[in-house]
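Below: the structure, in structure tokens.
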Amino acid sequence: SEYKSRERAASKENTLTSLTSKERSLRLSTRFATELNRDSGTLASVILITETLVPFYVVESMGWKIINGLVPDVPLIETRKAVVEKLDHYIDCLNESLKASLESSTFVSVQLYVCSREDGLRYLAVSASYAPNIIDDERLDSIQSFELLVNNTGDPVNGHLLDVVEFNDKASDHPSLYQGVLKILDRYGITSKVALVTVDQLSHALGLHEPL
């Protein structure tokens, strides 16, 4: 029992060190990484809910309570209010981590693509991909692994959804769309760092590439 406790503690410490490493493309703050390690059941709850898009009230169901009781040392979220609060908190923390990483990047690539809804509303999604400032000689010399060039799951893709701009598909024109995109870029402080803008066919049809 004592050995397993020490093993779990060592595993959490390794995870914490990895999440906050300067060699990561998206480095989390030590405080946030510590929280994620301490409240792993809460994190697992939020990931499960957001990935599967299940209603928040699932955490108050009998089945959820049974699952929660099977692993008492890793408690899951138990109320809808807690789900909302943790989602907002994680979004704020992750956005701050992303802003910090973007600050150390010289160039950013922006992707625009349209997501449709049945009620006529559409969302213009604004994503950014980047490699942290690897042309910085000091930082380049300190790199001991390839982690800086991959995302936090080890894949050679480092794209992040920044936000979406809602618009009505029935409108004859969409003059505010590009302004909405610029506001998102300004919020993350990357307007002057955009080296490439990629648009899908629907975004191109909206004429966004011209004003941008």
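The values are calculated or read from the model by the stated rules, or taken from the named source; none is laboratory data. Given the structure is predicted, the values throughout are model-derived calculations rather than measurements. Heads up, the Cβs are rebuilt from the backbone with ideal geometry, glycines too, and the neighbour counts pull from every protein chain shown. Each accessible area value is taken on the protein alone, full model and side chains, heavy atoms only, with ligands, DNA and RNA left out. Shrake-Rupley method; radii C 1.70, N 1.55, O 1.52, S 1.80 Å.
Worth pointing out:
- In a reduced charge model with +1 at each Lys and Arg Cβ and -1 at each Asp and Glu Cβ, segment 27-78 shows a dipole moment near 180 debye about its Cα centre.
- Solvent accessible area, Å² - D73, 1.4 Å probe, full protein context: 110 Å²
- The HN-Hα couplings worked out from phi for segment 101-116 by the Karplus form 6.51 cos²θ - 1.76 cosθ + 1.60 (θ = phi - 60°) are 5, 5, 4, 8, 9, 7, 10, 9, 9, 10, 10, 10, 8, 9, 10, 9 Hz, whole numbers, x standing for Gly and Pro.
- Taking amide hydrogens as placed 1.01 Å from N in the peptide plane, the amide H of V199 sits under 5 Å from those of L112, each at least 5 positions away in sequence or on another chain.
- Förster radius 25 Å - calculated FRET efficiency between T50 and K183, Cβ distance, rounded to 0.05: 0.55
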